[in-house]
1. Here are the criteria: (1) part of a helix (DSSP H, G or I); (2) without any contact (Cβ under 8 Å) to a residue 12 or more places away in the chain. Tell me which single one GLU172 does not satisfy.
2. Would a scan of the stretch 175-191 turn up a residue that is open to solvent by less than 20 Å² (accessible area, probe 1.4 Å) and closer than 30 Å to GLY31 by Cα?
3. Among the strands (runs of 3 or more DSSP E) lying completely within the stretch 71-131, list those that include at least 3 residues that are at pLDDT 90 or above and more than 25 Å from PRO164 (Cα to Cα).
4. Does GLY158 count as touching a Lys or Arg at 6+ places or on another chain (Cβ under 6 Å), more than 17 Å from CYS42 (Cβ to Cβ) and surrounded by 14 or more Cβ atoms within 10 Å (Cβ to Cβ)?
5. Just for the stretch 40-68: of the residues that are at pLDDT 50 or above and among the acidic types (Asp, Glu), which one is least open to solvent (accessible area, probe 1.4 Å)?
6. Within the stretch 1-34, can you find the residues that are closer than 20 Å to GLU68 by Cβ, without any contact (Cβ under 8 Å) to a residue 24 or more places away in the chain, assigned to a loop (DSSP other than H, G, I, E, B) and open to solvent by 60 Å² or more (accessible area, probe 1.4 Å)?
7. Among SER142, SER138, which is the only one that is under 25 Å from the mean Cα position of the chain (by Cα), within 16 Å of ASP179 (Cα to Cα) and either small (Gly, Ala, Ser) or open to solvent by 50 Å² or more (accessible area, probe 1.4 Å) (or both)?
8. Just the residues that are out of contact with any Lys or Arg (no Cβ under 6 Å at 6 or more places or on another chain) and of a type in the set (A, V, I, L, M), please, taken from the stretch 161-189.
Amino acid sequence: RGACPPVPNLLEDRDPLCGDRLDQILRFAMGSDIDTVVIGACWTCYFDVGDGSLPNGAPPPDNYYYREGSTRHPLRGGDGVGLALASLERLIRSLRDAGKNVYLQLTIPVGADFEPRTRVAGNRLGVMTATHVSPTASLPASQQQLRERLRQVAIAGGAVVIDPVAALCTTEGQCLRTDSDGVPIYKDATHL
């Protein structure tokens with residue numbers, strides 16, 4: 001189910017089915033016929049909460065929160081990020097304790113710089129053109145910091161790290177957004 005973080009008790013009110021869906025998946029993952037579990041998500045979409053400012057016309061952000069009993073710990077403007085990451089580490093550890101091989105896939109670079117629709121100029125009733133962009137964009141510092149926090153969570157929990165940034169970005173923090181022919185490698189701002 002889209003936009004459902006694979007972290008126990010990390011919720012968003014606009015999609016109340018996420019918690020139940022994750023519970024079902026975790027029961028399946030704990031089954032005796034499952035030996036390997038890969039956990040991946042658009043981690044930036046949940047945890048890189050930024051400064052809270054929004055560009056003009058932007059939709060309201062998702063309001064994820066970590067639920068601890070009846071208390072909500074918001075990710076935006078609250079203490080929920082640390083609690084949710086600790087929950088992810090506990091999940092990894094519980095899967096490892098159940099004898100599972102666990103992999104944690106870190107996030108890919110995301111954001112407006114990777115959105116291919118920003119290349120389109122014109123309107124649907126007139127002439128539309130695709131503007132040229134450089135083949136790379138910078139990995140935002142906040143995403144790099146989140147990547148390192150997730151790496152620490154994986155290692156502490158006993159998971160093997162899968163890092164897509166190693167294949168998408170240079171050591172200088174420049175990340176691919178097009179192939180060598182200038183064709184976008186992203187379908188939108190958050191999906192390859």
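The values are calculated or read from the model by the stated rules, or taken from the named source; none is laboratory data. It should be emphasised that the depicted structure is a prediction, and the values quoted were computed from it without experimental measurement. FYI the Cβ positions are ideal-geometry reconstructions off the backbone, even for glycines, and counts take in every protein chain you see. The accessibility values were calculated without ligands, DNA or RNA, using every heavy atom of the protein model including side chains. Shrake-Rupley method; radii C 1.70, N 1.55, O 1.52, S 1.80 Å.
1. (1)
2. Among the residues of the stretch 175-191, not one is open to solvent by less than 20 Å² (accessible area, probe 1.4 Å) and closer than 30 Å to GLY31 by Cα, which makes the answer no.
3. 71-74
4. For GLY158, the condition - touching a Lys or Arg at 6+ places or on another chain (Cβ under 6 Å), more than 17 Å from CYS42 (Cβ to Cβ) and surrounded by 14 or more Cβ atoms within 10 Å (Cβ to Cβ) - is met.
5. Restricting to residues being at pLDDT 50 or above and among the acidic types (Asp, Glu), the top hit is ASP48.
6. Selection gives PRO16 alone.
7. Numbers: SER142 fails: within 16 Å of ASP179 (Cα to Cα).
Matching residue, one of SER142, SER138: SER138.
8. Those that are out of contact with any Lys or Arg (no Cβ under 6 Å at 6 or more places or on another chain) and of a type in the set (A, V, I, L, M): ILE162, VAL165, ALA166, ALA167, LEU168, LEU176, VAL183, ILE185, ALA189.
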